[in-house]
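The values are calculated or read from the model by the stated rules, or taken from the named source; none is laboratory data. Note that the structure is a prediction, hence the values are computed from the model and not measured. Cβ atoms come from the backbone with ideal geometry, glycine included; neighbour counts cover every protein chain shown. Heads up: the accessible areas ignore ligands, DNA and RNA and are worked out on the full protein's heavy atoms, side chains in. Shrake-Rupley method; radii C 1.70, N 1.55, O 1.52, S 1.80 Å.
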Amino acid sequence: MEDLSRFCCQNSECRDYGQRGGENLSVCGRYGANKQWRMLRCRTCKARFSERKGTPLFGSVLPEETVRSILEHIAEGCGVRETGRLVGVHRDTVMRYSRLAGDHARKVHDELVAVSPRDPGGTVRRKVVVRGKKAKALRSGGPGRRQAGR
Ligand SMILES: [Zn+2]
């Protein structure tokens, strides 16, 4: 028996839309290079959708790149403030996504890395630049220090 309790129907027309519990859901197929993702079917409205549609990546107001970057930083052990500064989003946003991702952050990150080889090292490059700026600001003190402590 598949545990579908963390999923819900993604069809906004459906009366079970957003209702977690999974009683109306069944697995109707698998996809992905290793068949690692399930296709789910809602018995109520007969809609089919990917299980990934229930993850923080879907329905997000942020671009996927940004969400991925947030999750990567969290997975690497960056704090909320630091992640927000490095990615360029408000720390409340980081909090929200880290809470959404929860214990799955690591897993989500691994999945993303496994399926998204594009732009390798983009995050790393950006981080180096930010660190360079920060290091300079810390050396010179003054306004840079205030910015770094924001
Ligand atoms: Zn439905």
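Of note:
- When residues in segment 9-28 are screened for being within 7 Å of the ligand (Cβ to nearest atom) and either among the aliphatic types (A, V, I, L, M) or within 15 Å of residue 52 (Cβ to Cβ) (or both), 1 of them pass.
- Condition check for residue 31: open to solvent by 20 Å² or more (accessible area, probe 1.4 Å) and more than 9 Å from the ligand (Cβ to nearest atom): yes
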